[in-house]
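Below: the structure, in structure tokens.
The values are calculated or read from the model by the stated rules, or taken from the named source; none is laboratory data. Owing to the predicted nature of the structure, the values given are computational and were not obtained by experimental measurement. Methodologically, a virtual Cβ is constructed for each residue, glycine included, from the backbone with ideal geometry; neighbour enumeration extends over all protein chains shown.
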Amino acid sequence: MLQGKTALVTGSTSGIGLGLALALARSGARVMLNGFGDVAAARAEVEATGAEVDYHGADMSRPDEVVDMVRACEARFGGVDILVNNAGIQHVAPVQDFPPERWDAILAINLSSAFHSTRAALPGMLTRNWGRIVNIASVHGQVASVNKSAYVAAKHGLIGLTKAVALETATTGVTVNAVCPGWVLTPLVQKQVEARAVSDAVDLPEATRRLLAEKQPSLAFTTPEQLGALTVFLCSEAASNVRGQAWGMDGGWTAQ
Ligand code: NAD
């Protein structure tokens, strides 16, 4: 379905981003990976789909590196057709104790990087009159939780950016949408499960059950595979008039 298209997925060496990269690769896209950690393992997993793969190590907190990543993708594959802004970090603390440098890092990585990548990639998409920008936001772009001020602010901002750019491109072949997962069991959430086990003095399965029961009525994690399928749909021709949406996949979290 996405044969001949190039997808750039930020933060795709782990968790959701890796799941999205795999789904896009299986749908026929070439993929530019990005992120830290076990890059070789992520690359091997995506290459095993048979897709053409490359990697750029840009730090999403550095605007110059974000732009360099887009240019490198254009040079390597001839363009960026699908831009998935997925890289994100979390820090949990009450606002009065929130370290200002964690605030700055979360705003830079979870929000500003999407502005810089969009700004760099959009002209090429408009020239070809085809493009898909998928911003991985969160339920925390729609509702808040305690002790996540920076993350909630950044994700609300990301949905705002999504809507603004969707309007600016509304008459073109470029669509811009956000995806809003609830809990997904990735390293980012595993840390929160472990913190919950310590704070409640319970084992990990019980901490997991409590985490889900508090917010996610389905009592089941959303999976990277499910988010991959949704992203592939948003990149399809069937979704060519889905614009400026914040599409939930949250087990009922925001229905409450
Ligand atoms: P994760 O920690 O498994 O993966 C994060 C990815 O981002 C990794 O590849 C990491 O290397 C990369 N990354 C982190 N900082 C970076 C930087 N400065 N520059 C480049 N890459 C960087 O996390 P995840 O749970 O897969 O989260 C992915 C996205 O999904 C995030 O935007 C997160 O906010 C969002 N999200 C996650 C959940 C969840 O429950 N896990 C729910 C809603 C939204």
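Points worth noting:
For every residue, the table says whether it meets (1) surrounded by fewer than 21 Cβ atoms within 10 Å (Cβ to Cβ); (2) of a type in the set (S, T, N, Q); (3) at pLDDT 95 or above; (4) touching a strand residue (DSSP E or B) at 6+ places or on another chain (Cβ under 9 Å).
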| site | (1), (2), (3), (4) |
| --- | --- |
| Gly182 | no, no, yes, yes |
| Leu188 | yes, no, no, no |
| Phe221 | yes, no, yes, yes |
| Ala229 | yes, no, yes, no |
| Gly248 | no, no, yes, yes |
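- Qualifying residue in the range 17-29 (condition: over 20 Å from Val70 (Cβ atoms), assigned to a loop (DSSP other than H, G, I, E, B) and near the ligand (Cβ under 9 Å from one of its atoms)): no
- Any hit, the range 6-15, residues being over 17 Å from the mean Cα position of the chain (by Cα) and not charged (D, E, K, R): no
Residue by residue, here is whether (1) part of a loop (DSSP other than H, G, I, E, B); (2) crowded, with 16+ Cβ neighbours inside 10 Å; (3) in contact with a Leu (Cβ under 6 Å, 6 or more places away or on another chain); (4) modelled with pLDDT of 95 or more holds:
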position	(1), (2), (3), (4)
Glu74	no, yes, no, yes
Gly79	yes, yes, no, yes
Leu83	no, yes, yes, yes
Glu101	no, no, no, yes
Asp104	no, no, no, yes
Ile109	no, yes, no, yes
Ser112	no, yes, no, yes
Thr118	no, yes, no, yes
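- Looking across the range 95-153, the residues that are basic (Lys, Arg) and closer than 20 Å to Thr175 by Cβ come down to Arg119, Arg128, Arg132.
- Qualifying residue in the range 32-39 (condition: over 20 Å from Thr186 (Cα atoms), away from the ligand (no atom under 13 Å from the Cβ) and not in a loop (DSSP other than H, G, I, E, B)): no
- Residue among Val176, Val232 that alone is assigned to a helix (DSSP H, G or I) and within 18 Å of the chain's Cα centre (by Cα): Val232
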